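As structure tokens, the structure follows; a few thoughts come after it.
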Amino acid sequence: MTDKKAVIQITNLKRTYQMGDTLVRALDGVTFDIKENEYLAIMGPSGSGKSTLMNMIGCLDTPSSGEYILNGNQVSQMDDSELAEVRNREIGFVFQTFNLLPRTSCLANVELPLIYAGMKSSERKERAAEVLEKVGLGDRMDHKPNELSGGQRQRVAIARALVNNPSILLADEPTGNLDSKTGDEILLLFEELYRQGNTIILVTHEDEVSKYSRRILRLRDGLIESDTPVEHPTLAEKQVI
């Protein structure tokens, strides 16, 4: 990893909230880097700062203090419109609840970020179809989400996250609404994407899910409790799909 550039550089990042008379230190000064083609799991109990850190990384919130550089962009002090632009260009989101538009096709769902990016219609459709093929849904492009299984819907969400060639893929409990077999299939897909060179950040509370990553960052009380490599990833020796 030492010869790869840092996609994310976080230095002494803090986020405080005022709740009545109490000052809550959701993040109390965290510092770490994430390099290209890392597969990082962020873990921590309720109240550890895990969700706050995810919102910072995803440019959904700004820090009270500290520095966050994403792919060379100093995003710590950006306003909402600037953050929205960075989100659409640099970050692919995968959520537990899929967040698909129910009345539109898989292809149209995947095209959505490209509309915001101003891409021409013919180019959008070609790119969206290419990514749906990549996640194994080439024969489901015209289906609507309610015509798909939970695992297939999550694959559509992953395709939508990948369609802009983002710097990072940020997945929040991506198997949380799936049975264990389907969850394993989705994690196999993440493994394949990692092997293809994608940078993946997986936010989870499940130890079994975190073991699929290559590095685990654990938070407690707004601080980094540990930052350790995964020596034997669960899927490291399995055949990917």
For this session: Find the strands (runs of 3 or more DSSP E) located wholly in region 171-241 whose residues include 2 or more that are buried (at least 21 other Cβ atoms within 10 Å of the Cβ) and touching a residue at least 60 places away in the same chain (Cβ under 8 Å), and list them.
Result: 200-203, 215-220
For this session: Name the one entry in 192, 147 that is within 28 Å of residue 10 (Cβ to Cβ) and of a type outside the set (A, V, I, L, M).
Result: 192
For this session: Could you look through region 90-137, keep only residues that are touching a strand residue (DSSP E or B) at 6+ places or on another chain (Cβ under 9 Å) and part of a helix (DSSP H, G or I), and pick out the one that is nearest to residue 155 (Cα to Cα)?
Result: 113
For this session: Kindly list the number of the only condition in (1) in contact with a Phe, Trp or Tyr (Cβ under 6 Å, 6 or more places away or on another chain); (2) of a type in the set (Gly, Ala, Ser); (3) closer than 29 Å to residue 189 by Cα that fails for residue 72.
Result: (1)
Problem set entry | Among (1) closer than 15 Å to residue 8 by Cβ; (2) surrounded by fewer than 20 Cβ atoms within 10 Å (Cβ to Cβ); (3) of a type in the set (Gly, Ala, Ser) - the single one residue 92 does not satisfy | (2)
Exercise. Of all the residues that make up region 137-186, how many are of a type in the set (D, E, K, R), in contact with a Gly (Cβ under 8 Å, 6 or more places away or on another chain) and more than 24 Å from residue 51 (Cα to Cα)?
Worked result: 1
Problem set entry | Identity of the residue in region 62-80, assigned to a loop (DSSP other than H, G, I, E, B) and among the β-branched types (Val, Ile, Thr), that ends up surrounded by the fewest Cβ atoms within 10 Å (Cβ to Cβ) | 62
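Here's the yes/no breakdown for (1) over 19 Å from residue 158 (Cβ atoms); (2) touching a strand residue (DSSP E or B) at 6+ places or on another chain (Cβ under 7 Å):
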position	(1), (2)
179	no, no
184	no, no
188	no, no
191	no, no
201	no, yes
206	no, no
229	yes, yes
Exercise. How many residues, within region 167-178, are within 16 Å of residue 110 (Cβ to Cβ) and modelled with pLDDT under 95?
Worked result: 0
Problem set entry | Qualifying positions in region 1-31 - in contact with an Asp or Glu (Cβ under 8 Å, 6 or more places away or on another chain) and either over 22 Å from residue 225 (Cβ atoms) or of a type in the set (Val, Ile, Thr) (or both) | 4, 5, 7, 8, 10, 11
Problem set entry | region 23-49 residues that are in contact (Cβ under 8 Å) with a residue 12 or more places away in the chain and under 14 Å from residue 65 (Cβ atoms), paired with ones that are basic (Lys, Arg) and buried (at least 22 other Cβ atoms within 10 Å of the Cβ) (beta carbon under 7 Å, 6 or more apart) | 26/15; 27/15
Exercise. Is at least one residue of region 17-40 under 29 Å from residue 128 (Cβ atoms), part of a helix (DSSP H, G or I) and among the aliphatic types (A, V, I, L, M)?
Worked result: no
Exercise. How about region 40-61: which of its residues are crowded, with 21+ Cβ neighbours inside 10 Å and hydrophobic (A, V, I, L, M, F, W, C)?
Worked result: 40, 41, 42, 43, 53, 56, 57, 59
For this session: Just one of (1) more than 25 Å from residue 166 (Cα to Cα); (2) modelled with pLDDT of 90 or more; (3) among the polar types (S, T, N, Q) trips up residue 37, so point out which.
Result: (1)
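The values are calculated or read from the model by the stated rules, or taken from the named source; none is laboratory data. Here the structure is a predicted model, which means the values were calculated and not measured. Quick reminder, even Gly has a Cβ in these numbers, built from the backbone with ideal geometry, and neighbours come from all protein chains shown.
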